[in-house]
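Derivation of every value follows stated rules applied to the coordinates shown; laboratory data play no part. All figures in this text were calculated on a predicted structure; none of them were measured in a lab. Ideal geometry is used to build each Cβ from the backbone, glycine not excepted, and the neighbour counts take in all protein chains shown.
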Amino acid sequence: MSLTEARFHDLVDSTLENLEEVFDESGLDVDLENSAGVLTVKFEGGSQLIFSRQEPLRQLWLATAKPTGGYHFEYKESSSEDEDGSYWFCVKSEEKLNEILARFTQDQAGVELDFEEI
């Protein structure tokens with residue numbers, strides 16, 4: 001089932017707010033900028049994460065520094081028999097957004113952050 005435009009925007013807004021909260025509470029030296037629905041997270045070493053919504057595709061995109069480049073995520077709504085719940089997943093690797101973010105922050109900042117609520 002495809003997400004409605006309103007549901008998509010609500011999910012992206014909630015996700016970006018949750019991400020800001022995780023980074024704010026982490027104690028990491030990061031700069032956060034949320035403007036026009038684009039969240040940029042700048043790490044101390046110069047690397048950054050850029051989250052943007054792609055409304056026509058109903059996707060959340062994540063741009064990172066090379067070599068990883070970028071990721072495109074779609075939202076999976078849970079069903080009654082789905083034990084994993086609802087989450088954003090990468091359309092190429094099917095890896096969850098929270099797993100990719102945990103790995104990236106470990107690599108870039110040497111810190112393990114909990115993105116389970118994302």
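Brief remarks follow.
- Between the helical axis of 5-26 and the longest alpha-carbon principal axis of the chain there is an angle of about 30 degrees.
- Shown here: P(r) over Cα pairs in 5 Å bins from 0, in percent, derived from the displayed model; of the candidates (i) 2, 13, 20, 20, 17, 12, 8, 5, 3, 1, 0; (ii) 2, 10, 14, 12, 8, 6, 6, 6, 6, 7, 7, 6, 4, 2, 2, 1, 0, 0, 0, 0; (iii) 2, 11, 22, 26, 20, 11, 5, 2, 0, it corresponds to (iii).
- Neighbours of Glu5, meaning other residues whose beta-carbon lies under 14 angstrom from its beta-carbon, give a summed charge of 0 when Lys and Arg score +1 and Asp and Glu score -1.
- Cα gyration tensor shape for segment 25-82, rounded if a/c is under 1.5, else prolate or oblate: prolate
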